[in-house]
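Just below is one structure, and these are the notes that go with it.
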Amino acid sequence: MTDVVIAGAGIIGCATAAELLSADPALEVVLVEPDPSYARAATGRGSGGVRQLFTRPENITLSQYTLQVIQDWDRWAGDGAPKLSWCPNGYLFIAGPQNIGTLAANFGTQQRHGVQAQWLEPAQLADRYPAMRTDDLAGAVLSVRDGWLDPTAFLAGVRSKAERLGAVFVTDRVAGFRTAGTVVRAAVLESGRTLTAEAVVNAAGTWAPDLACAAGITLPVEPVRRYVHDVETTADLGDLPFIKDVAGLAVHPRLQGLSVGVVDFDHPGGEDFTIDDAYCSRTVAPALAGRLPGCGQMTVTSTRAGLYDQNRFDGNMIIGNWPGHLDSFHLASGFSGHGLMHALGVGRALTELILHGDYTTLDLHRLNYQRIIDNHPYPEHGIR
Ligand SMILES: Cc1cc2nc3c(=O)[nH]c(=O)nc-3n(C[C@H](O)[C@H](O)[C@H](O)COP(=O)(O)OP(=O)(O)OC[C@H]3O[C@@H](n4cnc5c(N)ncnc54)[C@H](O)[C@@H]3O)c2cc1C
């Protein structure tokens, strides 16, 4: 009998394994992953942003936990761990007159939860970031400790820690479960193999709803395509932070250029990796030139498509078991674009839940499945 079977070895699965085995090195932890190349997984396709600028205390705390590990990365990840290319240039949320009240309220919440954030008036913004258009803005919040990293290196480091601590990686796919009453007793793999387990974690990313369905529950989560564009520009942009606005523009420096995304609010959802080349000229280029006017002349060097596991119910993660209904089956799903920065804390919280029956340091009760049954959404406010 295995102690814990984890379906999916993306950042959530690997972080959960690393945290479980750090807490109890004697555990037997098996990760089942159908594609070790991670060709469709979200983790390697993201922007690598790590920020504390949330409005729910759980999300702020989860990011703070990741920032602590990043500061201590060489010791945490161990000898030979890949370098994270951590760039602590800060996160900047910008708002025009229509959204300034929400930004100000959120700033208060963030300060109360220990975020080292600064309020910047438009004149201060113009001084600090001369390459940025500011005349349409009413203010901004800069979180100075935040930044971005290389998501592939982060996954490799977390995965190698899990491996070093004894996690077993099996190349296969979880196809279903054997249950007895409210307890999931085993994961049944595509190969026909059965892994009996004390606990099962569903960390299958955008494919988690299929597995949840196999265990008898419906998740309001679906894949939504997002693009990340690498852009070259000759403009002198200065030392920019990771900039986000309410219209869905997200931009930060990368190598000699920029990494840019603009949310396509019209995308209907579904497993779609197609690249619409016209999206860049139609939507991205104007949004970028509108905020960083020097980028009028830019070249898109690459576009990659990835899938958010979007929680359509309230845009926040769905985490943990469903007591009295599915006791040993733990969800880690619906990260809606924030899973990389929250993975380590999620792994730690699940470890507490699995080993002690309750959260002991990171209380994620409000993000459980029961809120969906009770129709109590727990959304972020403002820029998400
Ligand atoms: C364009 C883009 C930008 C992003 N930017 C950021 C950002 O800046 N900051 C941030 O924090 N997050 C960001 N994210 C979100 C982040 O990448 C995800 O939330 C995170 O990677 C989710 O990790 P995961 O392990 O749940 O999923 P995945 O990485 O998708 O891993 C799930 C794994 O499960 C496997 N699997 C599927 N089916 C099964 C099965 N039946 N049995 C076993 N295994 C299975 C898959 O093969 C896959 O490897 C971004 C995402 C995208 C797409």
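Going from the alpha-carbon gyration tensor of the range 197-257, what semi-axes, largest first and in whole Å, does one get by taking the root of 5 times each eigenvalue?
Calculated on Cα positions only, the semi-axes equal 40, 13, 10 Å.
Going toward the positive end of the dipole of the chain, with +1 on Lys and Arg Cβ and -1 on Asp and Glu Cβ, which of Gly147, Cys280, Gly44 do you reach last?
It is Gly147.
Tell me the Kirkwood radius of the range 1-154: reciprocal of the mean inverse pair distance over distinct alpha-carbon atoms, in Å.
Radius from the Kirkwood sum: 17.9 Å.
At what distance in nm do the modelled label points of Asp74 and Asp136 sit from each other, each positioned 7 Å from its Cα along Cα→Cβ?
Distance between the two pseudo-spin positions: 4.5 nm.
Just to confirm my numbers, what's the Cα centroid distance between the range 337-351 and the range 128-150 in Å?
Their Cα centres are 26 Å away from one another.
From the phi of every residue in the range 164-170, what ³J(HN,Hα) in whole Hz does the Karplus formula 6.51 cos²θ - 1.76 cosθ + 1.60 yield, where θ is phi - 60° and glycine or proline is x?
For the range 164-170, the Karplus-derived couplings read 4, 7, x, 5, 9, 9, 10 Hz, x marking Gly and Pro.
For the range 302-357, place one equal point scatterer on every Cα, skip the solvent, and apply the Debye formula. What is log10 of I(q)/I(0) at q = 0.12, 0.16 Å⁻¹?
-0.34, -0.56
Between helix 339-356 and the chain, what is the angle of the helix's C-alpha long axis to the longest principal axis, kept within 0 to 90° and rounded to the nearest 10?
30 degrees
Report the Rg/Rh value for the range 16-77, based on alpha-carbon coordinates and the Kirkwood definition of Rh. Can you show the working numbers first?
Working: Rg = 14.7 Å, Rh = 14.4 Å.
A ratio of 1.02.
On C-alpha positions alone, give me the angle between the axis of helix 11-23 and the longest principal axis of the chain, in degrees, nearest 10.
60 degrees
What are the ³J(HN,Hα) values, in whole Hz, obtained from phi via the Karplus relation 6.51 cos²θ - 1.76 cosθ + 1.60 with θ = phi - 60°, for each residue of the range 118-130 in sequence order, with x given for Gly and Pro?
For the range 118-130, the Karplus-derived couplings read 10, 8, 10, 6, x, 5, 5, 4, 5, 5, 6, 10, x Hz, x marking Gly and Pro.
Pairing the Cα long axis of helix 57-71 with the longest principal axis of the chain, what angle in degrees results, from 0 to 90 and rounded to the nearest 10?
Computed tilt is about 90 degrees.
Ranking Ile12, Ile70, Ile354, Ile100 by Cβ neighbours within 10 Å, fewest first, what do you get?
The most exposed by this proxy come first: Ile100, Ile70, Ile354, Ile12.
With the radius of gyration and the Kirkwood radius both derived from the Cα set of the range 207-341, what is their ratio Rg to Rh?
Reported Rg/Rh (Cα atoms, Kirkwood Rh): 1.08.
Once the Cα atoms of the range 123-262 are picked out, what are the Rg and Dmax in Å?
Taking only Cα atoms of the range 123-262, I get Rg and Dmax of 22.5, 64 Å.
R0 = 22 Å: FRET efficiency of Arg304 with Asp266, Cβ-based, nearest 0.05?
Values: r = 20 Å, r/R0 = 0.89.
Here the calculated transfer efficiency is 0.65.
Fewest to most neighbouring Cβ within 10 Å: what's the order for Met1, Met298?
The most exposed by this proxy come first: Met1, Met298.
Report the Cα centroid-to-centroid distance between the range 202-231 and the range 36-103 in angstrom, as an integer.
Going from one Cα centre to the other spans 20 Å.
Run the quick spin-label model on Gln370 and Arg282: label points 7 Å from Cα toward the beta carbon, then report their separation in nm to one decimal.
Result for the modelled spin labels: 4.5 nm.
Considering the Cα positions of the chain, please state its Rg to one decimal place and its Dmax as a whole number of Å.
My reading of the Cα-based Rg and Dmax gives 20.8, 64 Å.
In whole Hz, with x marking every Gly and Pro, tabulate ³J(HN,Hα) for the range 138-150 from phi via Karplus 6.51 cos²θ - 1.76 cosθ + 1.60, θ = phi - 60°.
10, x, 7, 10, 10, 9, 6, 8, 7, x, 8, 9, 8
Using only helices, what value at 222 nm comes out for the chain when you add -39,500 (n - 2.57) per DSSP H run of length 4 or more and divide by the total residues, to the nearest 500 deg cm²/dmol?
-8000 deg cm²/dmol
Can you give the direction-averaged projected area of the convex hull of the alpha-carbon atoms in the range 287-332, in nm²? Don't skip to the answer; put the middle values down first.
Working: hull surface 23.4 nm².
Seen from a random direction, the Cα hull of the range 287-332 projects 5.9 nm² on average.
FYI, it's all coordinate maths here, none of it is from the lab. What you are looking at is a predicted structure, and each value in this text was computed from that prediction instead of being measured. Heads up, the Cβs are rebuilt from the backbone with ideal geometry, glycines too, and the neighbour counts pull from every protein chain shown.
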